[in-house]
Structures are given as C-alpha cells and as structure tokens.
Amino acid sequence: MSQRLGHGETITIEQFQEARASVAESVTNVPLAFAAAQPVDLKDFDFMFPKLQKNPNNLLPETAATPANLARLGQTMIDNVGNDPAGDSDISAIMTYFGQFIDHDITLELTSADLTRLTSPSLAPLPLAEIRNNIRNARTATLDLDSVYDLPAPRDGDKMVLGKVSPTGNANIPLKRPKGKGLQRPAAQPSQHRPGNRPRRQHRRSAQRREPDRRRKVFFTMRLLLPDGFKIQPHWHPKVEHVTVISGTFNVGMGDKFDQTAIRKCLPGRLASGRRK
Amino acid sequence: MKHFAWAKGETVLQLHGTGPWMITYVNPSDDPRKPKD
C-alpha cells in the first residue's frame, strides 16, 4: 500500500480491501510456509445508546430545516476572538495530535465515500438499518498500529516494537528513501504456490522482513491467509500449535504422505491442536 | 505428529501457541522457503 491517505480524504471499502489484499499478497514472501496477513475484519459502529433510536421522538426531524440548524450550531463553535492568545486552550497540542492518531488507529469508516456529502442540500438521514448494517469499522478497538504499518504491524512479544531515532548530521531534509532501503521490488517470478501459477508480487516492506516474534519463546498469535487450493505438504512442528479456522475450509490429514482422501474437514469456528512431533 | 493440509476456497486460519513456532517438512524439497531451481 504505497499511497498515503490525506487528512479528511475518504476511500471506498473496495479500495481498502484492494490495498489490504495487496499487503496480504506481499507477505506471502515472508520466509514461512504460507502467508501471514490479517483479513479485512469489519466491526459494528452502532450507537452509544441504541435504545434511544427506537423512539422517533428522540431523533432530529427529517426536514430541510435540520441541516441548516445543524450548520448554525456549528457556527456557534467558531472561535471569534481572533489571534488573541488569551483565548487559547491550556491543553497541550500533543493531546490533539496523539488523540487523533489513536482515533485513526481504532476507527476507519469507509462507507461515507459513497454517501451524500454533509454539505449537500439533499442530505437526508440514513435509515437505522442501513447505519447498523452498512456503516462498518475497518479497524479494531486495539492499538494495532495498522494505521501506520498496515497489518501485521511489527511487535516485540506483547508490546509494540520501539525504535530509536538518531541524528543524521545532515541539515537537508531527506525527501527520498535512501538507496537500498525500504521497498524492494525485484522482478516478479512464477510461483507454484499460487493458483494458476500466476507470478506473485515480490515487494516487501521492511517491517515485514523483521524477525517474527513467533521464533521466540513467547506466546504468539498469527493469522494465515491461504489462497484457494493452497497445499501444505507433510510437515511437523517442534511445539504444540492451536489452529482456529476463521473462514473458508481447511482440510487436514495425518501422515507423512500427502493423501487427499485421508482428510478431516475443518470449517469456520473449528479449533484443532497439533501435537508435537 | 506429521500432518498436511490444503485449503478449499480462500481460507483464513488463526494460530496460537507458545513459540518458537517452527515448521519442518518431511521432504525438504517441499519447503517453500527454499528457492526453487
């Protein structure tokens, strides 16, 4: 996902899913047996006080006057004291920036890109069912840092990875990525692990090349995105792993030879545990 | 315990456990981490 979303800009859910799929495709090259990526997992926004919505008397009247009145309400919030610092808030600016950073990491609403603009004269309230069913959150309530790195963000065990910033001694602001750093785009090559033997994209991000936490003696959780027909040849693990099927169908067989007739079908919700060798 | 698997339809799995998580293929040539000739 190489594009940056400007402040206030909106994207559609299709664009977001395409970007997420692109990231998932790129992490198939992580040196593991299969891809590790988080699917787009949409959550409800819903209402803080859902019971209030059931009574129409609690709602704003659906008339042309309501948007105008809301605009008037907004006007009352405009600071009219000019540049007089006496009217400035005592709250540190970092509260605003950091608060909004957190906001962007836990909420991303993708539906409004296709809705009527708030300033449009034809603006009308959305039906409750549409709000509940269609207005979805593409982020999670946890601070995943996916607004910065997309998923999976680099972690150090249960914590976020902390880096250090050191001065470069260069007074010129770098406007380009240093040569050999960051995105690597070697030529695409065919892979036998993708359906149709299509070439897979080879670009990786530095965060994704980081040594995975799952190689350390710590609790780990990861998600794997397997394309249709993806085969995992006979193997074993040195330690117990627990597998939950989130979506799709995962067919598992026991033995040291791949045998498509000796399977156990695992559907979403199924938890399987693999014993040690 | 040696095992194998395949996905029908695009499939998302969640794995959890205590690391180090490693995978060893019965046939080393099946290991997709190794470059193919």
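The values are calculated or read from the model by the stated rules, or taken from the named source; none is laboratory data. Because the structure is predicted, anything quoted here is derived from the model rather than measured. As a convention, Cβ positions derive from the backbone with ideal geometry for all residues, glycine included, and neighbour counts pool all protein chains shown. Keep in mind that these areas ignore ligands, DNA and RNA; they rest on the heavy atoms of the full protein, side chains included. Shrake-Rupley method; radii C 1.70, N 1.55, O 1.52, S 1.80 Å.
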Could you please find all residues in segment A:116-148 being farther than 22 Å from residue A:51 by Cβ, of a type in the set (Val, Ile, Thr) and in contact (Cβ under 8 Å) with a residue 12 or more places away in the chain? A:140, A:142, A:148
Would you confirm whether or not segment A:234-257 contains a residue that is more than 7 Å from chain B (Cβ to nearest Cβ) and without any contact (Cβ under 8 Å) to a residue 24 or more places away in the chain? yes
Any chance residue A:274 is within 21 Å of residue B:22 (Cα to Cα), at pLDDT 85 or above and facing chain B (nearest Cβ under 7 Å): no
Among residues of segment A:63-89, those that are over 34 Å from the mean Cα position of the chain (by Cα) and farther than 21 Å from residue A:119 by Cα, counted: 9
Taking segment A:126-144 and keeping residues part of a loop (DSSP other than H, G, I, E, B), out of contact with any Asp or Glu (no Cβ under 6 Å at 6 or more places or on another chain) and surrounded by 10 or more Cβ atoms within 10 Å (Cβ to Cβ) leaves A:126, A:127, A:135, A:138, A:139, A:140, A:141, A:144
Give me the pairs, please: first residue somewhere in segment B:1-28 and facing chain A (nearest Cβ under 7 Å) and open to solvent by 50 Å² or more (accessible area, probe 1.4 Å), second residue anywhere and assigned to a strand (DSSP E or B) and of a type in the set (Asp, Glu), beta-carbon distance under 6 Å, and either six or more positions apart or on two chains. none
Would you confirm whether or not segment A:203-225 contains a residue that is part of a loop (DSSP other than H, G, I, E, B) and modelled with pLDDT of 85 or more? no
When you scan segment A:59-78, do you find a residue that is at pLDDT below 75 and either open to solvent by 80 Å² or more (accessible area, probe 1.4 Å) or outside any loop (DSSP other than H, G, I, E, B) (or both), even just one? no
For residue A:105, work out the one condition from (1) without any contact (Cβ under 8 Å) to a residue 60 or more places away in the chain; (2) open to solvent by 60 Å² or more (accessible area, probe 1.4 Å); (3) of a type in the set (D, E, K, R); (4) within 25 Å of residue A:50 (Cα to Cα) it doesn't fulfil. (2)
